Number of protein chains: 2
Amino acid sequence: MKLLAKTLRRIKPIDNRVRQSVRLRLDRLAIPRRSLGRLEEFAESIAGIKGVKNPVLRNKYIFTMAGDHGVAEEGVSAFPQGVTEQMVYNFIKGNASINVLARHVGARVIVVDMGVKSDIRPGKGLVIKKVGYGTRNMAKGPAMTKDEAIKSIENGIEVLEEELALRRIDIVGAGDMGIANTTPSSAIIAAITGEEAKKVTGRGTGISDTKLNHKVKVIERALDINSPDPEDPIDVLSKVGGYEIGGIAGLVLGCAAHRIPVVIDGLISAAGSLIAYELNNTVQGYLFASHKSKEAGQQVALERMGLAHILDLDMRLGEGTGAALAISLLEASVKILNEVASFDKAKVTKRKV
Amino acid sequence: MKLLAKTLRRIKPIDNRVRQSVRLRLDRLAIPRRSLGRLEEFAESIAGIKGVKNPVLRNKYIFTMAGDHGVAEEGVSAFPQGVTEQMVYNFIKGNASINVLARHVGARVIVVDMGVKSDIRPGKGLVIKKVGYGTRNMAKGPAMTKDEAIKSIENGIEVLEEELALRRIDIVGAGDMGIANTTPSSAIIAAITGEEAKKVTGRGTGISDTKLNHKVKVIERALDINSPDPEDPIDVLSKVGGYEIGGIAGLVLGCAAHRIPVVIDGLISAAGSLIAYELNNTVQGYLFASHKSKEAGQQVALERMGLAHILDLDMRLGEGTGAALAISLLEASVKILNEVASFDKAKVTKRKV
């Protein structure tokens, strides 16, 4: 609890003075005013987050948090639970989608075992922060204890801070892996926003209509049995959450505390970010929504946080894949700020009117 | 006319057999089926375009076509005409937005003088393909002769083929520079689609309401005086077009003929692509729409061609900036195809159901 409390206290609003000065500088670039649209806004925000006028996004990270879920036994996923572990090894070998996209944008992938059911053999880029060997089945009772929920958040903060002790981190993408984890994510979003389970639940890895109806019922049962307190995000996380979701919440809080922009991926990442946001609304200024997931609950969470997605490519994979793609656009935005010549420097005539 | 006719004859539909086999391969990747959404579709299309199962997008190009416009004297732009030339020098020096974004995605910028009003001094990455020293004022008569229109298209084809003689080109982005060139672009789109000038005309570099009304009237007058034949794209281009717009049309035709994917940027690039599309509908399969411009006419042109934009970032700069960003996403899509492990290779269990 000490680390969580300390981190929450450390989070300060972004620097609006720097943001404004960057806005003025963007208006002097040799382009029609604001013609680079949201790209200019991204650069402003990143400058405000970092509190520097020439922010650079060189050291890019994707943290892919993995965990297993007791609720998988309810048959809510199209894949067997063992796939979580198998995919973690696939990440370590560098052969998964997130590895490919992270390489493409020049980002490093850190895979975190937050609570996979089995022990994962040590490997490159793997960090063990296991809170437990999979959560308990939330359809029958709380997914974890309150202490475990706090520990999952603090482990997420620790992962960031331990990496930060070794290297500079300029931007972070928050990814996930965990068979059945769209189920707790939708439950968290329903619990916090008060939306109906049906509205925030999707097909995850690709289940049928029948299975989708069943999944909605499982979520409704979990919410009914556990009655999570919407005003208490730790209560929500412990009752209907997951270890990797708590880890993402911690990662987001840690990034905000250390003034690092953090990029949300899909539904699970949005649910984790929402826990962080409910703990401290100020994290909003540090968040970017990489893409619009096919999972409808993600948009509900983004709306709650007042975030607009950057990409809309019908993706629903997770792992941090959407975050990786958006990070490259955010990097482009600061390069515009730092490298495009001004009207004066380029000797280009300013507008007549 | 010979080069244009030869190029048009050379354009063949994309290879659907290869496309289908790539679709099947994507379905074997260790990800939930189709969970990478449009990214997977991009990879399929690119494979079909190139006719190879493992397409690579290494050599990336942005062709930024520049030209001046007689209609600038009607006061339709927020910037004086001399800015076209000034920006061309800015491109050559590597300090403009397109240079920054092209560097970011690893693309080479080729600047083409298709018809700037002044003579441009030779410089790095500059190609001179001047058709004339700016077009004539289309509000008073045809912007150019029919021969000039054909020459502008053929010069666009030549630029591509001359570069292709030196190096392999894997993908092309079509950019533009030319003060007042949203005016002819909107006029082309209105002429071809039959939409009202008002619906396809925007603020360009950022004009006021009064100037926007004036710009619409100028376009209406140009269409009225010249009565371009909507069934004859060369007639449309000659009467209400521009040299760089013809250059883009040629570039698109050349790319389709050489089986190179070509990425549309904003309004001007869409207008040039539309000319190419009207000359030969088969180019559609080779085109990607990088982004949704703030200029409404661009969407009208994209709809006519049956293309859906990739990015929506409120951009309206031109130069090829949107194309550069999208090229990186397209490159990501083929890396997914080539580098992500299959279920078998990754030893990941396939779905249960």
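Residue-level check: of (1) assigned to a loop (DSSP other than H, G, I, E, B); (2) within 14 Å of chain B (Cβ to nearest Cβ); (3) in contact (Cβ under 8 Å) with a residue 60 or more places away in the chain; (4) open to solvent by less than 40 Å² (accessible area, probe 1.4 Å), A:Arg33 misses just (4). When each of A:Arg316, A:Arg304 is tested for being more than 8 Å from chain B (Cβ to nearest Cβ) and among the basic types (Lys, Arg), the lone residue that passes is A:Arg304. Is it the case, given these coordinates, that A:Asn54 is exposed (fewer than 15 other Cβ atoms within 10 Å of the Cβ) and either away from chain B (no Cβ under 14 Å) or modelled with pLDDT of 95 or more (or both)? So A:Asn54 passes the test.
You will find that of A:Gly75, A:Gly70, A:Gly48, the residue that is in contact with a Ser or Thr (Cβ under 6 Å, 6 or more places away or on another chain) and either more than 23 Å from B:Asn338 (Cα to Cα) or more than 10 Å from chain B (Cβ to nearest Cβ) (or both) is A:Gly70 and no other. Only one of B:Gly106, B:Gly115, B:Gly175, B:Gly82 is within 11 Å of chain A (Cβ to nearest Cβ) and within 21 Å of the chain's Cα centre (by Cα). Can you tell me which? Being within 11 Å of chain A (Cβ to nearest Cβ) and within 21 Å of the chain's Cα centre (by Cα) holds for just one of B:Gly106, B:Gly115, B:Gly175, B:Gly82, which is B:Gly106.
For the range A:69-83, does any single residue satisfy the condition of being in contact (Cβ under 8 Å) with a residue 12 or more places away in the chain, out of contact with any Gly (no Cβ under 7 Å at 6 or more places or on another chain), open to solvent by 40 Å² or more (accessible area, probe 1.4 Å) and part of a helix (DSSP H, G or I)? Among the residues of the range A:69-83, at least one is in contact (Cβ under 8 Å) with a residue 12 or more places away in the chain, out of contact with any Gly (no Cβ under 7 Å at 6 or more places or on another chain), open to solvent by 40 Å² or more (accessible area, probe 1.4 Å) and part of a helix (DSSP H, G or I), which makes the answer yes. Where residues in the range A:331-349 are facing chain B (nearest Cβ under 8 Å) and small (Gly, Ala, Ser), which of them is surrounded by the most Cβ atoms within 10 Å (Cβ to Cβ)? Once the filter is applied, the top-ranked residue is A:Ala332. All conditions but one from (1) more than 14 Å from every other protein chain (Cβ to nearest Cβ); (2) in a helix (DSSP H, G or I); (3) open to solvent by less than 10 Å² (accessible area, probe 1.4 Å); (4) aliphatic (A, V, I, L, M) apply to B:Val263; the one that does not is (2). Are any residues in the range B:280-330 open to solvent by 10 Å² or more (accessible area, probe 1.4 Å) and among the aromatic types (Phe, Trp, Tyr), and if so, which ones? Across the range B:280-330, the qualifying residue is only B:Phe288.
Please work out if A:Ile98 is touching a Gly at 6+ places or on another chain (Cβ under 7 Å), at pLDDT 95 or above and facing chain B (nearest Cβ under 10 Å). In short, yes.
Looking only at residues of the range A:209-247 that are within 14 Å of A:Thr182 (Cα to Cα) and of a type in the set (A, V, I, L, M, F, W, C), we find that the one that is most open to solvent (accessible area, probe 1.4 Å) is A:Leu212. Among the candidates B:Ile219, B:Ile157, B:Ile189, the residue that is outside any loop (DSSP other than H, G, I, E, B) and either of a type in the set (Lys, Arg) or within 18 Å of B:Glu73 (Cα to Cα) (or both) is uniquely B:Ile219.
Taking each residue of the range A:150-176 that is within 18 Å of A:Arg108 (Cβ to Cβ) and looking for partners that are open to solvent by 10 Å² or more (accessible area, probe 1.4 Å) and of a type in the set (S, T, N, Q) with beta-carbon atoms closer than 9 Å, six or more apart or interchain, yields A:Arg167/A:Asn59; A:Arg168/A:Asn59; A:Ile169/A:Asn59; A:Asp170/A:Asn59; A:Ile171/A:Asn59. Within the set A:Ala257, A:Ala187, the sole residue that is of a type outside the set (Phe, Trp, Tyr), under 28 Å from A:Val111 (Cα atoms), in contact (Cβ under 8 Å) with a residue 40 or more places away in the chain and crowded, with 24+ Cβ neighbours inside 10 Å turns out to be A:Ala187.
Residues considered: B:Asp235, B:Asp209, B:Asp224. Of these, the only one that is within 26 Å of B:Asn155 (Cα to Cα) and among the acidic types (Asp, Glu) is B:Asp235.
The values are calculated or read from the model by the stated rules, or taken from the named source; none is laboratory data. Everything quoted here is computed from the prediction, not taken from an experiment. Note that each Cβ is placed from the backbone with ideal geometry, even for glycine, and that neighbours are counted across all protein chains shown. Note: areas computed on protein heavy atoms with side chains; ligands, DNA, RNA excluded. Shrake-Rupley method; radii C 1.70, N 1.55, O 1.52, S 1.80 Å.
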